[in-house]
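Notes for the one structure printed next.
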Amino acid sequence: MVDNILIEPDELISKIEYLRNELINTGLQKGLTSTEAITISQELDQYIVECQRCFPEVRHCVNTL
């Protein structure tokens, strides 16, 4: 689960964008089934769920990043 630290929606979305880029780059370099890509993917999933849970008003933004 994402740390229980208060975070602004923009910060959370920035983290999601960063992790998505990291996942893409890692997937291209090492493959999407690499341990590193899977770890990034799981972290990304946690941030997306947290964003959708805490900020339902930005749910559409997370889905279209």
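The values are calculated or read from the model by the stated rules, or taken from the named source; none is laboratory data. Just so it is clear, the model here is predicted, and its values are computed rather than measured. Glycine also receives a Cβ, built like all others from the backbone with ideal geometry; neighbour counts cover every protein chain displayed. Just so you know, the surface numbers come from the protein's heavy atoms only, side chains and all, with ligands and any DNA or RNA stripped out. Shrake-Rupley method; radii C 1.70, N 1.55, O 1.52, S 1.80 Å.
Values as computed for the structure displayed
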{"quantity": "Pairs where the first residue, in the range 9-38, is under 23 Å from residue 55 (Cα atoms) and touching a residue at least 60 places away in the same chain (Cβ under 8 Å) and the second is open to solvent by less than 60 Å² (accessible area, probe 1.4 Å) and outside any helix (DSSP H, G or I), C-beta under 6 Å, 6+ apart", "calculated": "none"}
{"quantity": "Residue, modelled with the lowest pLDDT, within the range 1-54, restricted to residues that are assigned to a loop (DSSP other than H, G, I, E, B) and open to solvent by less than 30 Å² (accessible area, probe 1.4 Å)", "calculated": "2"}
